[in-house]
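> Have a look at the structure that comes next, please.
The numbers here are math on the coordinates, done by the rules we state, and not lab data. Here the structure is a predicted model, which is why all the values come from computation and not from measurement. Using ideal geometry, Cβ is built from the backbone for each residue, glycine included, and neighbour counts are taken over all protein chains shown.
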2 protein chains.
Amino acid sequence: MSSHAARLNLVFSALADPTRRAILARVARSEATVNELVEPFRLTQPAISKHLKVLETAGLISRGREAQTRPVRLTAAPLAEVETWLGDFRRFWEQRFDRLESYVEEMKNKEKSRDRRIKNPKRTRG
Amino acid sequence: MSSHAARLNLVFSALADPTRRAILARVARSEATVNELVEPFRLTQPAISKHLKVLETAGLISRGREAQTRPVRLTAAPLAEVETWLGDFRRFWEQRFDRLESYVEEMKNKEKSRDRRIKNPKRTRG
DNA sequence: CCATTATATAACTAAGTAGAAATATATCTT
DNA sequence: AAGATATATTTCTACTTAGTTATATAATGG
C-alpha cells in the first residue's frame, strides 16, 4: 500500500473520533497545553494524552516543550491531503454525471432524428 | 452528541479503510455488483459485503435490486458533509493566521512608532 | 535535594473490527 | 420443483481501540 494511502488511513481514522475533532477545533484557535485540553471533556488526562498521540501519529498536531508543559499545535497539512482526495473523488463523481448527461443528450438527439424520420420520411425516388 | 457529529464519525471511519475508499472510487465511475467489487481485491465475498454494509451505514452507497444482483451506487451527500467540516475547520485555521498576521502587523507598527519616537522624540515644552 | 506540577506510560478491561469459512436466503432458469 | 447464481448472515479468531487506574518521568520552584 502506498504511503499516501497509509497516511490517509491514519488521518481519516484520527478524524473519526469526535473527541479528537473537538481537540483539533480547539487547537485550531490557538496552542493549548494537555491540561487545557483535558478540562472541557469528561475524560481523564491519560485518555486525552492517548488521543493526542493518535493525532500526532496522523501528523495533525505537533508538540513543543515549554517548561513542564508540552504545548499542542495544529499541523494542518494532512487536511490538505484529505481535501485532495475529496477533490479527486469529486472529479470522478462529476465525470460520471458528465457522461450521463452526454448519454442523455445523445438519446435526445436520437429521439429527435427518429421523430424527424417519422414526421418527414426521406422520399425515395420514384 | 449531535447526529451531525455521529454521521461524521460514521463517514470518517468508513473512509479510514483503503479497501472501502477503493470501492467508492470504483463505484464513483459506475454502478457495480458485489461480485464485480470482489474481483479486484484478494478478499472473500463476505468481507466485501461487510465493507459494503459499513459504507451503506455511513450513507455513502445505496443498493438496488436487479434480478439476483444488488447493484451498488454511490451516494455522495455525506462527502459534502465532510467538505463542510473541512471548510469550517479551514476557516478557523485561517482566522488564526489572520490573527497572527494582524498581531505581527501590530507589532511592526509598534516597532515603527517606537523607531519614530527614537528618531524624532516628541519635544517637551521648554 | 524535595515537593509540586505537567505529562507520559503501563496494565488491564470491554467493546469493536477485519477477515475467513460455512451456511442461509433470494432470484432466475429450466 | 430443482439447480444455479448472487448476495447476506453467522460464527469464530486475531487484532485494535477507548477508556480506566496506578505509576513513572520530566521540569520547575523553593
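> Sort shortest first the distances from residue B:66 to its counterpart in every other copy, using label points 7 Å along the Cα-to-beta-carbon line, and give them in nm.
Label-point separations across copies, in nm and ascending: 5.9.
> Defining the label point at 7 Å along Cα→Cβ, can you sort the distances from residue A:90 to the same site in each other copy, shortest first, in nm?
Residue A:90 label point versus its equivalents elsewhere: 0.8 nm.
> Taking the number of other C-beta atoms within 10 Å as the exposure measure, put B:12, A:89, A:41 in order starting with the fewest.
A:41, A:89, B:12
> Over the Cα atoms of the range B:7-78, compute the convex hull volume and normalise it per residue, giving Å³.
Convex hull volume per residue, Cα atoms: 77 Å³.
> Could you give, in nm with one decimal, how far residue B:33 is from each other copy of that position, shortest first, with labels 7 Å out from Cα toward Cβ?
6.3
> What ranking do B:13, B:49, A:3 get, fewest neighbouring Cβ atoms within 10 angstrom at the top?
Exposure proxy ranking, most exposed first: A:3, B:49, B:13.
> Could you grab the relative contact order for the range B:1-62? Cα pairs under 8 Å, six or more apart, rounded to a whole percent.
41 percent
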